[in-house]
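The structure follows.
The values are calculated or read from the model by the stated rules, or taken from the named source; none is laboratory data. These figures come from a predicted structure and were not determined experimentally. With ideal geometry, Cβ positions are generated from the backbone for all residues, glycine too; neighbour counts draw on all protein chains shown. All accessible areas refer to the heavy atoms of the entire protein, side chains included, with ligands and DNA or RNA removed. Shrake-Rupley method; radii C 1.70, N 1.55, O 1.52, S 1.80 Å.
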Amino acid sequence: MSDLISIKGGRDGLRMRFDDTADWPALLVQLEQQLTQNQAFFNGARLTLELGERSLDEIQLSELLNLLQHHGVVADALSANAREARNAARAVGITARPLPRYADPPPGTPSLAPESEALLLTRTVRSGQVLRHSGHITLIGDLNPGGELIAGGSVIVWGRLRGFVHAGALGNAEVVICALELSPTQLRIADQIATTPPRSNGPHVPEVARIEQHQIVVESWENYKR
């Protein structure tokens, strides 16, 4: 997201990491900007806050939680090494735990963009279920009507895509949406929106949706590869 705040995703959900040396008011200003710019991705999200070594009191934590709540974001948990920050979280009813240890990459390893962190799932996403990830999403299964996939990267559905998909929800317009059967209620790529009417005749073929000349276009997988 920025040099002071990053968003990571995985099977355990979204994690928002804060620089633990930056000025606190500056962090809040940058968070406000990022939440406003990426409202489509964050609205309705639930996440874990990671504060590193930062010591946070109840007043500061309340400022953070109010800002998140204003943008439709719920903090389910807080990870921090500072005891004061964990105590502040528990005082307002948030699960608190020490920061998990992450393995350091080998020297010289380039840092990964959020889109490089792909999520692979084998399941059916049913009506009312929302799956949100900061990178790419690959779903081996169906997305039913009323189900939602929201990704910072591309979305691939190895099955029937009949629900709502928003790819590039963090602003990346270079991503694609692919499915073996592409019959969505609505597609979004970055800030572009398209709907596809349900098909009644003819066989389904794998298709790809992408942005071309500021609008979403859909073509067969065979044509896309050429």
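Identify, by number, the condition in (1) outside any loop (DSSP other than H, G, I, E, B); (2) buried (at least 18 other Cβ atoms within 10 Å of the Cβ) that residue 62 doesn't meet.
(2)
Since residue 121 meets every condition but one in (1) at pLDDT below 95; (2) within 12 Å of the chain's Cα centre (by Cα); (3) open to solvent by less than 40 Å² (accessible area, probe 1.4 Å), which condition does it not meet?
(2)
Restricting to segment 2-57, count the residues that are hydrophobic (A, V, I, L, M, F, W, C), open to solvent by 30 Å² or more (accessible area, probe 1.4 Å), touching a residue at least 24 places away in the same chain (Cβ under 8 Å) and more than 24 Å from residue 121 (Cα to Cα).
So the count comes out to 2.
Only one of these is touching a Pro at 6+ places or on another chain (Cβ under 9 Å) and farther than 18 Å from residue 212 by Cβ: 159, 152. Name it.
152
Within the set of pairs 6+ apart or on separate chains, which have a first residue in segment 165-183 that is farther than 15 Å from residue 217 by Cα and not assigned by TED's automatic domain parsing to the domain that holds residue 207, a second that is open to solvent by less than 40 Å² (accessible area, probe 1.4 Å) and among the hydroxyl-bearing types (Ser, Thr, Tyr), and C-beta atoms under 9 Å apart?
none
Report, by residue number, each residue of segment 6-36 that is assigned to a loop (DSSP other than H, G, I, E, B) and either assigned by TED's automatic domain parsing to the domain that holds residue 191 or closer than 21 Å to residue 151 by Cα (or both).
Within segment 6-36, 9, 10, 11, 12, 13 qualify.
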